[in-house]
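The values are calculated or read from the model by the stated rules, or taken from the named source; none is laboratory data. Because the structure is a prediction, the values reported are computed rather than measured. Heads up, the Cβs are rebuilt from the backbone with ideal geometry, glycines too, and the neighbour counts pull from every protein chain shown. The area values use the complete protein model at the heavy-atom level, side chains included, leaving out ligands, DNA and RNA. Shrake-Rupley method; radii C 1.70, N 1.55, O 1.52, S 1.80 Å.
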Amino acid sequence: MTFAHRRADFPADFLFATATSAYQIEGHSFGGAGQTHWDTFAATPGNVVRGENGAVACDHYHRWTDDLDLIAGANLDAYRFSTSWARVMPDGVTPNPDGLDFYDRLVDGMLERGIKPMATLYHWELPSALADLGGWRNRDIADRFADFATCIMGKIGDRVHRTAPINEPWCVAWLSHFMGHHAPGLRDIRAAARVMHHVMLAHGKATQAMRALGMTGLGAVMNHEYAEPADSSERSKELAQLYDGIYNRWFLGGILRKAYPEDVLKHLSPHMPEGWQDDFDTIAQPLDWVGINYYTRKLIGPDGSDQFPFLEEREGPLEKTAMDWEIYPDGLLHFIRHTASYTDLPIYVTENGLASYDVLKDGAVQDEQRIRYLSEHLARVKQALAEGIDVRGYTVWSLLDNYEWALGYEKRFGLVHVDFETLARTPKASWHTLKDALAK
Ligand code: PNW
C-alpha cells in the first residue's frame, strides 16, 4: 500500500484541505477583472512557456460549483482559495460589484457543502494600474493593499475560517524582482530589497485593516526550501546558510521577531528603503496561525562570481518530480520544527504537492508518484504531531491542474486532471485515494 494514512490517525479537528489561486484557475478574461502584471509579463516573449496566460485557465469562474463538488467529493474539510485584487478592484482602487459577488457566492457555496473557507488575499496578480506606479517597489502599495483587504473582507470576512494576506512573500519579492522568473520579471537587487520590506509592511497593514473589521483567524503563509550545501566545503555551507536566510528566515523574522536576519541584512541593507527599521510595530501584528508551503530542497554551491548572492543551485541525487524538484519529505518536518522554534501559534501546512507526468488513459489518471509523495509528507506531519507541535491542517497543492506561472499549462499539480482543450475535469487516482482515506 502506498498511502499509509486514515483520517482517524489525526486529531479530530485536524483539517485536510486543498488549495488553488485565482489567476491560476479562474479565467481572468471573465467577470470584468482588470489587466494584471501577469498578463503583461506573459505577453513578453521568453517569459512564459508558449506565452500562455490566465485568460481562460480552468474556467473556474463559470465552473466553480463543479469544482466545489470535487472538493467535497474527496471528503476534504477546507479549501484554500485566493481573491484576485484585479477582479475585486480592476484598476486597483475602485470596487467591481461583479467581482465581490463572485467571491460571496463562492464562500456561500463552500459553506453549503460543509467546506471551511481559507482565504488568501494576494496570490500574485497585481492590477496593472498599480504595477504602472511601481507596484511592490512603491511603498504606497501597502496602503492600497490594506484598502483592498477592507473591501474584499468587508464582503466575505464574516464567513472565512482562516485568512492570510499574502501568499509566499519570498516569491513576491525575490523570485519576481531579483531572479526575474515571475512578474514583473526584474533582476535588480535594489528593487528586490525594497519589495522584501514592502511586502511585509503590506502584510501588517492588511492585518490591521482586517482586525478593524473584527476578523479573527488571521495568519501568514511563507514558502520554504531546505538548503543543503552541495559539498562539505565551508563556502558551500556559508552559502546554503545565506540561501536559508533569504528564503526561510527573513519573513518569519519580520513577522514574528520584529527583526530581519543579520546575515542577510549585511548584504541587503545598502538597498533597503529609507526608514525600514521603524516599521516593525506595523509589520509584526499579533497573529492567530502560521502557514508553511513546502515542496523541495535545493543543493547550494558557489557560482564562482563575486556578485551577491554568489551561489548557484546544483543538480541533486534524489528522485525528482516533473518540475525537476527533488522529493525530500524530511524538509517538511524540518520547517514545521523551524516554525515552532519562532512561535507557539498553530501551524498549518498550507501547500504541499507535486507536478507529475500524468496521462489520461481510459478515463483515468494513475498518479502513483503523487500518492506516494503525499503519503510520505503526511508521515512527517504525524511525526511533528507526535513531538507535540500544534499542527492543525495539511493542504494539497492543488485541486486542479492549472496555470503553473512561467511554466504555463504543462506542469500538472492537480488531484483532478484538466483537459485544457475541453476543460473537462477527471479525478486522478490520488483524488480517489484521499476520498477513501478521509471518509468520515
Ligand atoms: C507555489 N520557485 O509557488 C505557489 O503558491 C503556487 O502558486 C504554485 O503553483 C506552486 O507553488 C507550485 O509551483 C512557487 O520557483 C512557485 O521557487 C515557484 C517557486 C516556489 C514556489
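Quick grid of which residues meet (1) within 14 Å of the ligand (Cβ to nearest atom); (2) at pLDDT 95 or above; (3) assigned to a helix (DSSP H, G or I); (4) open to solvent by less than 60 Å² (accessible area, probe 1.4 Å):
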position	(1), (2), (3), (4)
GLY353	yes, yes, no, yes
ARG370	yes, yes, yes, yes
ALA384	no, yes, yes, yes
VAL396	yes, yes, no, yes
PHE420	no, yes, no, yes
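Tell me which residues, restricted to region 372-382, are buried (at least 21 other Cβ atoms within 10 Å of the Cβ) and out of contact with any His (no Cβ under 8 Å at 6 or more places or on another chain). TYR373, LEU374, HIS377, ARG380, VAL381, listed by residue number. The listed residues are GLU351, GLU404, and the only one of them that is more than 23 Å from VAL290 (Cβ to Cβ), of a type in the set (Asp, Glu) and under 15 Å from the mean Cα position of the chain (by Cα) turns out to be GLU404.
Output the residues belonging to region 1-18 that are open to solvent by 70 Å² or more (accessible area, probe 1.4 Å) and in a loop (DSSP other than H, G, I, E, B). Across region 1-18, the qualifying residues are MET1, ARG6, ALA12, ASP13. Evaluate region 169-180: report whether one residue or more is open to solvent by 40 Å² or more (accessible area, probe 1.4 Å), in a helix (DSSP H, G or I) and away from the ligand (no atom under 12 Å from the Cβ). No, the conditions are met nowhere in region 169-180. If I ask for residues that are under 12 Å from GLY32 (Cβ atoms) and among the acidic types (Asp, Glu), which ones from region 86-131 would you list? ASP91, ASP98, ASP101, listed by residue number. Look at region 19-40: where a residue is without any contact (Cβ under 8 Å) to a residue 12 or more places away in the chain and open to solvent by less than 20 Å² (accessible area, probe 1.4 Å), no partner that is away from the ligand (no atom under 16 Å from the Cβ) and in a strand (DSSP E or B) sits 6+ places away or on another chain with Cβ atoms under 6 Å. Note on region 355-368: among residues that are open to solvent by less than 20 Å² (accessible area, probe 1.4 Å) and among the hydrophobic types (A, V, I, L, M, F, W, C), the one that is nearest to the chain's Cα centre (by Cα) is ALA355.
Here TYR403 clears all of (1) within 16 Å of the ligand (Cβ to nearest atom); (2) touching a strand residue (DSSP E or B) at 6+ places or on another chain (Cβ under 9 Å); (3) not hydrophobic (A, V, I, L, M, F, W, C) except the condition numbered (2). Remark: pairs (first residue in region 290-317, in a loop (DSSP other than H, G, I, E, B) and open to solvent by 40 Å² or more (accessible area, probe 1.4 Å); second residue at pLDDT below 95 and among the basic types (Lys, Arg); Cβ separation under 8 Å; 6+ apart in sequence or on different chains) are absent. Here ILE246 clears all of (1) part of a helix (DSSP H, G or I); (2) open to solvent by 50 Å² or more (accessible area, probe 1.4 Å) except the condition numbered (2).
Once region 398-418 is narrowed to residues that are of a type in the set (A, V, I, L, M, F, W, C) and in a loop (DSSP other than H, G, I, E, B), the residue that is nearest to ASP66 (Cα to Cα) is LEU399.
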